[in-house]
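**Student:** Before I ask anything, let me first share the structure, which is written out below as structure tokens.
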Amino acid sequence: MPLSFVSLRSIAARLFLTAAAMSSVVLIVASILLTAYYRSEAEEVFERRLDVYLRAIVADVSESGQEGRTGPGQLGDPQFELPGSGWYWQITRLDDKSHDIKASRSLFANTLPKLSDLGVAAEVGGFRRGYGPGPDGRPLRIVERVIDVGDLGIYLVQVAGSGEEMEEQIARFRFALIVAFAALAIALAIGAAFQVRFGLRPLRQLQRELASIRGGERERIMDAYPSEVAPLAEELNLLIGANRDILERARTQVGNLAHALKTPLSVIVNEADSAPGQLAGKVQEQAQIMRDQISFYLDRARAAARGGALGAATQIAPSIEALLRAFSKIYGDKGVIFSGGADPRLRFLGERQDLEEMIGNLLDNAGKWAKSRVTIDVCVEGASRPTLRVTIDDDGPGLATHLRAAATQRGRRLDETKPGSGLGLSIVVDLAAAYGGSLQLDDSPSGGLRAELRLPGF
């Protein structure tokens with residue numbers, strides 16, 4: 001997914017990061033709770049195991065006295081046989097001055113500390129539970145109980161076990177839990193990415209349809225959309241229709257204005273023609289200036305209206321080919337060669353006649369000044385909002401830097417020996433501006449003038 005997931009201004013990024021954050025919090029909390037629960041269960045099992053061993057020894061001592069226990073193997077756990085295993089039992093006679101002690105072989109001539117000496121209070125039933133140092137200094141969980149077997153004596157029975165086994169078991173569980181939750185987190189991230197991509201698919205489809213409308217491939221949004229997006233698509237259709245209606249009315253008004261002004265001008269010119277004289281000549285001169293000005297501004301108004309229209313797109317290559325053929329014939333006697341072209345896939349977001357008027361004026365200007373060659377090249381810049389760069393070079397004398405701004409002013413002619421009204425470059429500037437483009441004059445690599453025209457592309 002072009003999960004444009006880099007910026008938080010992206011809806012996809014927000015949805016994905018929110019889902020990832022929530023999943024991470026849930027997994028972390030779940031892992032902490034499960035680990036705590038497992039530790040509680042493991043400790044409870046450990047305590048029950050100690051209690052079973054203690055009760056077994058207490059029961060045996062109660063029945064037959066200390067002498068009844070002949071060996072630790074009767075507890076059923078071989079760890080009591082292994083020295084330093086961490087599992088120990090010990091029986092101490094308390095009513096005898098000798099304090100005779102019998103212990104598991106795992107203690108190996110060592111003794112267990114008494115919890116009563118460590119300040120551990122007795123529970124109901126005389127049990128004491130607590131931690132004490134083992135033979136090797138490691139902490140042990142100790143359970144002890146004092147029993148009185150009458151004539152057979154009073155004994156302190158102790159069972160101790162190392163919590164390392166339990167901790168290792170918890171550590172293994174924690175590692176397995178981390179691996180499982182990490183795999184689950186990856187699966188959830190993939191699922192969230194797929195969900196975001198699938199959920200935002202209607203918006204991407206809407207974007208493609210709008211691009212098709214902007215490129216002139218269709219007139220309105222046609223596809224069916226989910227209930228959340230359908231109102232937006234309908235509003236866009238209404239907006240597109242209203243835009244077309246406004247532009248159509250603007251074109252009609254411009255056309256009506258053109259006819260309304262040209263008719264009185266024609267009457268004035270005809271009247272001046274019927275009465276020769278200095279005044280008539282002046283009237284004809286000013287009428288012609290007015291006619292040029294009216295044509296110029298009406299064309300500019302039409303271009304502005306067309307520039308705001310949706311769905312207007314023109315293939316560039318056919319227009320350039322036609323213009324090159326035309327100017328090759330016009331300037332053939334002068335020996336100027338026109339060459340170049342454009343990729344057939346490139347399109348201009350505007351009317352064909354405006355494109356040809358802009359490029360035609362630039363080619364005409366280049367042909368007037370070129371010595372032998374005029375070249376044209378078209379390329380595209382940018383991806384999300386493509387811009388066409390039309391470059392026209394000639395090998396003429398060029399133009400001084402301080403005169404380039406003046407050359408684009410309306411009606412300004414820098415050389416009266418060349419034919420024309422002086423409106424060519426200014427028309428290009430105004431038409432390009434109407435479409436959000438620009439014209440720039442620069443030095444050409446071939447020694448003459450370079451004209452760079454930038455226009456919206458598709």
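The values are calculated or read from the model by the stated rules, or taken from the named source; none is laboratory data. Small disclaimer: the values here were computed from a predicted structure and weren't measured. Every residue, glycine among them, receives a Cβ derived from its backbone with ideal geometry; neighbour counts consider all protein chains shown. Side chains included, ligands, DNA and RNA excluded: accessible areas come from the protein's heavy atoms. Shrake-Rupley method; radii C 1.70, N 1.55, O 1.52, S 1.80 Å.
**Student:** Return the lysines within reach of Lys262: Cα separation strictly under 26 angstrom, same-chain partners fewer than 8 residues apart disregarded; answer none if there are no such residues.
**Tutor:** Partners within reach: Lys282.
**Student:** Tell me the carbon and sulfur percent of the accessible area for the chain, rounded to whole percent, probe radius 1.4 Å.
**Tutor:** Values: 14740 of 25700 Å².
Carbon plus sulfur share of accessible area: 57 percent.
**Student:** Helix 201-214 sits at what angle to the longest principal axis of the chain, using alpha carbons and giving 0 to 90 degrees rounded to 10?
**Tutor:** Taking Cα atoms only, the helix is inclined about 10 degrees.
**Student:** Continuing with this model, one more query. Helix 424-434 against the longest principal axis of the chain: what's the angle in degrees, Cα atoms only, rounded to the nearest 10?
**Tutor:** Result, in degrees: 30.
**Student:** So I have (i) -0.81; (ii) -0.95; (iii) -0.70, and one of them is log10 I(q)/I(0) by the Debye sum over Cα atoms at q = 0.09 Å⁻¹ calculated from this model. Which one is it?
**Tutor:** Checked against the structure: label (i).
**Student:** Over region 323-393, give the accessible area per residue in Å² for a 1.4 Å probe, as an integer. Mind dumping the intermediate values first?
**Tutor:** Values: 3540 Å² over 71 residues.
Result: 50 Å² of accessible area for each residue.
**Student:** Also, I was wondering about something else. If the viscosity is 1.002 mPa s and the temperature 20 °C, what Stokes-Einstein diffusion coefficient in µm²/s follows for region 334-385 when Rh is the Kirkwood radius over Cα pairs? Provide the component values of the computation, followed by the final result.
**Tutor:** Details: Rh = 12.7 Å.
In µm²/s, the coefficient rounds to 168.
**Student:** If you keep only loop residues by DSSP, which chymotrypsin sites (Phe, Trp or Tyr not before Pro) in region 69-177 have at most 15 other Cβ atoms within 10 Å of their Cβ?
**Tutor:** Values: sites: Phe80, Trp87, Tyr88, Trp89, Phe108, Phe127, Tyr131, Tyr155, Phe173, Phe175; in loops: Phe108.
Those that pass, being in a loop and sparsely packed, are Phe108.
**Student:** So what is the calculated 222 nm ellipticity per residue for the chain, using -39500 (n - 2.57) for each DSSP H run with n of 4 or more, over all residues, to the nearest 500 deg cm²/dmol? Walk me through the intermediate numbers first.
**Tutor:** Numbers: 9 runs with 230 residues, N = 458.
One gets -18000 deg cm²/dmol as the mean residue ellipticity at 222 nm.
**Student:** Rounded to the nearest 0.05, what FRET efficiency do Arg48 and Lys97 have when you use their Cβ-Cβ distance and R0 = 51 Å? Display every interim value, and only then the final one.
**Tutor:** Details: r = 36 Å, r/R0 = 0.71.
E between Arg48 and Lys97, to the nearest 0.05, is 0.90.
**Student:** When we measure straight from the Cα of Lys371, which lysines land under 26 angstrom away, once same-chain ones fewer than 8 places off are left out?
**Tutor:** Cross-link targets: Lys329, Lys334, Lys418.
**Student:** Starting from the Cα of Ile154, step 7 Å toward the Cβ, then list every residue of region 88-132 with an amide N under 11 Å from that point.
**Tutor:** From region 88-132, the list is 94-96.
**Student:** Tell me which lysines have Cα within less than 19 Å of Lys102's Cα, excluding those fewer than 8 residues away on the same chain?
**Tutor:** Lys114
**Student:** Still on this model: If you rank Asp100, Asp354 by how much accessible surface each has, with a 1.4 Å probe, what is the order from largest down?
**Tutor:** Largest accessible area first, the residues go Asp100, Asp354.
**Student:** A further question on this structure: Antiparallel as a % of all DSSP beta bridges within the chain, to the nearest 5? Could you put the intermediate results ahead of the total?
**Tutor:** Numbers: 50 of 55 bridges.
Taking every DSSP beta bridge with both residues in the chain, the antiparallel ones total about 90 percent.
**Student:** Next question. For region 99-206, what does the accessible surface come to per residue with a 1.4 Å probe? Please give it in Å².
**Tutor:** Each residue of region 99-206 exposes 57 Å² on average to a 1.4 Å probe.
**Student:** Normalised by the number of residues in the chain, what is the relative contact order in percent for Cα pairs under 8 Å and 6+ residues apart?
**Tutor:** On the way: 654 pairs, mean separation 45.3, N = 458.
RCO, the chain: 10 percent.
**Student:** Round to the nearest 10 and report in Å² the accessible area of Glu164, as given by a 1.4 Å probe over the protein chains' heavy atoms.
**Tutor:** 80 Å²
**Student:** Check which residues have an amide H placed less than 5 Å from Asp443's amide H, if you skip close sequence neighbours.
**Tutor:** Those lying under 5 Å, H to H, from Asp443 are Arg450.
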